[in-house]
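Colleague: Structure provided below as structure tokens; questions to follow.
The values are calculated or read from the model by the stated rules, or taken from the named source; none is laboratory data. Everything numeric in this text was worked out from a predicted model, so none of it was measured. All Cβ positions, even for glycine, are placed from backbone atoms using ideal geometry, and neighbour counts span all protein chains on display. Surface accessibility is based on the protein's heavy atoms, side chains included, excluding ligands, DNA and RNA. Shrake-Rupley method; radii C 1.70, N 1.55, O 1.52, S 1.80 Å.
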Amino acid sequence: MAFTLMVTHKEAELIVPAQSTPNEIKALSDLDDQESLRCHYRMIMYYKSKPSMEGQDPVKIIREALAKTLVYYYPYAGRLIEGPDSKFMVDCTAEGVGFVEADASVGIDQLGDTVQPPCRYPELLVSDVPGSDGMLGCPLMLVQVTRFKCGGFVLAIRFNHMISDVHGSLQFVTTMSEMAKGAPTPSILPVWKRELLNARHPPRVTHTHPEYEVEGKSIIPSSLNDKNLVRRTFSFGPEEIKAIRKNLPAEVYLTSRFDLITACLWRSHTRAIEFDPDDDVRITCMVNVRGKNCLDLPSGYYGNAIICPAKVSKAKILCESPLGYAIKLVKEARRQATPDYSRSTIDFIATKGRPKGTSPWNFIVSDTSKVGFDEVDFGWGNPIYGGTMYGGTFYSIVYARYRNQEGEDVMVVPMTLPVAVMERFEAELRILLCDPMKNSSSLSPIMVPSKL
């Protein structure tokens, strides 16, 4: 049944730490201070009502839990300032994070499958508070709790990417959920120690880094000049994975779901954009390096700890080769994420002056499907969906996990492309699947948010 979602917002407020916190300046790591991380990202969790929580106000509970969490994660209550060499630092001023209380006009069940990314109501569920979305001197987090008529609610959070990657932000939100349920201290204490991911002295770049090296490219493919964009969500469940595997040779038949989906998307995306055959195209896989030997990152480290190893192919070779070729390059890209490669990456970033890594020739994939936002419990149980709010741009894609109405665990992949490119992209995927994709939204024109 069609419905119109209306949300009433109260005036934004600042939530400060529940206790006094150190007033100091904290340095960011060289990995934190990349040009590409001077932005925000949004995560969202949808919760149904729960009989045992009847009469409990999620806004009050989360507001109080947030203030308690900021005692431990007090840099988040500060503001970014610019230091020497244009490097950003955190001034721990305890000014607080943004908080918005809101109420929706419908029950959460009416949203149906629209809870999966990309979010259909971004401006309603994370209010665009004026003056809050910059880098310097702005709040480093914006939290909105939206109550629904059924007793359920939505928690949506905009994080400053320079402070935490998605794994670090999950650690923050998990602490919030623990505080909401009465824990006296976090189960995992936060650790700053950003110097652990600074460049070595002297820097030693021991590997090539095609994820950043995009010199010589100047002509954007004409297919990307069309500003008439569509967003489509593709779902890869058991049936889709089985259909793709059916035509694979034995040596790659048992490849992982991530490698399989990424190879399919990369080749289909490259064919659909119609690059010059001699162009170098890249597959870049974001890899969490927590737990990697020799990096010495302690439990509780909540800064950016993602590196982006890449492999390169001529567009013509990728497009004309069997899928096994793309699978091989995806596997090789991920396997590059060794401790030495990670250190080389940081040294490269520091010596090249924060190089940019995104371009039409670089297909960047981040898998958030197993991060754990779908397991954060504030007392109402696990969310029906928890994860990324948007899902990506032309060439930067975020995977999410969603349990569909049949109860299947599916990988959800939101894509945004010009209309003609999307049509070719869909055609390529249908060839791989031998059937139109199921559980996917129809093509429709959209206004793409400028702040992803």
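Colleague: Residues in region 280-300 near a label at R200, defined as backbone nitrogen under 13 Å from the 7 Å Cα→Cβ point?
Modeller: In region 280-300, the label zone of R200 (backbone N under 13 Å from the point 7 Å along Cα→Cβ) covers 294-295.
Colleague: While we're here: Projected onto the charge dipole of region 260-407 (+1 at Lys/Arg Cβ, -1 at Asp/Glu Cβ, origin at the Cα centre), which of F378, Y399, W361 gives the Cα projection farthest towards the positive end?
Modeller: Result: W361, furthest along the dipole toward the positive end.
Colleague: So, one more: What is the distance, in nm, between label points placed 7 Å from the Cα along the Cα-to-Cβ direction at E35 and at Y121?
Modeller: The answer from the label model is 3.8 nm.
Colleague: Separate question: Pairs of Cα atoms under 8 Å, at least six residues apart: use those to get the relative contact order of the chain, whole percent.
Modeller: 23 percent
Colleague: If one computes the Cα centroid of region 105-184 and of region 53-92, what distance in Å separates the two points?
Modeller: Cα centres, region 105-184 to region 53-92: 13 Å.
Colleague: Could you tell me how many cubic angstrom of Cα convex hull volume region 173-241 has per residue?
Modeller: So the per-residue hull volume is 318 Å³.
Colleague: Kindly report the accessible area of region 312-393 per residue (heavy atoms of protein chains, probe 1.4 Å, no ligands, DNA or RNA), in Å².
Modeller: Value for region 312-393: 36 Å² per residue.
Colleague: Let me ask something additional. Count charges around I364 for me, please; just the other residues with Cβ under 9 Å from its Cβ, Lys/Arg as +1, Asp/Glu as -1.
Modeller: On the way: positive: R282; negative: E211.
Every neighbour counted, the sum reads 0.
Colleague: Also, I was wondering about something else. Where only protein heavy atoms count, and the probe is 1.4 Å, what is the accessible area per residue for region 33-163 in Å²?
Modeller: On a per-residue basis, 34 Å².
Colleague: Looking at the square roots a ≥ b ≥ c of the eigenvalues of the Cα gyration tensor of the chain, which shape do they give, rounded for a/c under 1.5, prolate if a/b is larger than b/c, or oblate?
Modeller: oblate
Colleague: Just reorder C264, C39 by solvent-accessible area, largest first, 1.4 Å probe, all chains present.
Modeller: Values: C264 0, C39 45 Å².
Sorted descending by solvent-accessible area, the residues read C39, C264.
Colleague: Also: Within region 296-392, list the trypsin sites (Lys or Arg not before Pro) lying in a DSSP loop whose Cβ has at most 14 other Cβ atoms in a 10 Å radius.
Modeller: Qualifying residues, ordered by number: K352, K356, K370.
Colleague: If you take the charge dipole of region 157-214 about its Cα centre, with +1 on Lys and Arg Cβ and -1 on Asp and Glu Cβ, which of H161, P184, T206 is farthest toward its positive end?
Modeller: P184
Colleague: Enter the Cα centre distance for the pair region 186-212 and region 217-242, rounded to the nearest angstrom.
Modeller: Each part's Cα centre sits 32 Å from the other's.
Colleague: Along the Cα→Cβ direction, 7 angstrom out, place labels at I219 and A18. What is the inter-label distance in nm?
Modeller: Roughly 6.2 nm, to one decimal.
Colleague: Can you put H201, H209 in order of accessible area, largest first, using a 1.4 Å probe?
Modeller: The residues order as H201, H209, largest area first.
Colleague: Which residues make up the longest stretch of the chain clear of GluC sites (Glu not before Pro) that lie in a DSSP loop with no more than 12 other Cβ atoms within 10 Å, not counting the sites?
Modeller: In the chain, the maximal stretch lacking such sites is 216-405.
Colleague: Okay, moving on. Quick check for me: using +1 on Lys/Arg Cβ and -1 on Asp/Glu Cβ, what's the dipole size of the chain about its Cα centre, in debye to the nearest 20?
Modeller: Taking the Cα centre of the chain as origin, the dipole is about 580 debye.
Colleague: Let me ask something else. Quick one: pull the percent of accessible area on the chain belonging to carbon and sulfur, 1.4 Å probe, ligands and nucleic acids left out.
Modeller: 52 percent
Colleague: OK, next. Going by accessible area, probe 1.4 Å, with all protein chains left in place, what is the ranking of V230, V129, largest first? Each step should come with its number before you reach the end.
Modeller: Working: V230 5, V129 30 Å².
The ordering from most to least exposed comes out as V129, V230.
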